[in-house]
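The values are calculated or read from the model by the stated rules, or taken from the named source; none is laboratory data. Small disclaimer: the values here were computed from a predicted structure and weren't measured. Neighbour counts run over all protein chains shown; Cβ positions are idealised from the backbone, glycine included.
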Amino acid sequence: MLALLGTGHRNIAEEWLQKLFRNVDYAYRKKKYVPIATDSLDDLVEEGGWLGEQATDRMMEMSWMLASIASFSVIMGMDVLYEQ
């Protein structure tokens, strides 16, 4: 994201951020393939929703990705992403 913004490719950065937000939102709604709240690969396999099951509530608590997406949304003035 920083590389795109730094090289003047703001339109591409905005499109990419919108796709990231849409995909994370979809993953949370389906409880599959979510950005996980742990750094354990064992947890990912057992609780992350990757084996055809839904992710556990513990795995869906929080992720660094959500904070990053929200931060870039604010920085880029794309309030509509997190207001939806």
Checklist entry - How many of the residues making up the stretch 59-84 are in a helix (DSSP H, G or I) and at pLDDT 75 or above? => result 13
Checklist entry - Pick from 34, 45: which is at pLDDT below 75, out of contact with any strand residue (DSSP E or B) (no Cβ under 8 Å at 6 or more places or on another chain) and not in a helix (DSSP H, G or I)? => result 34
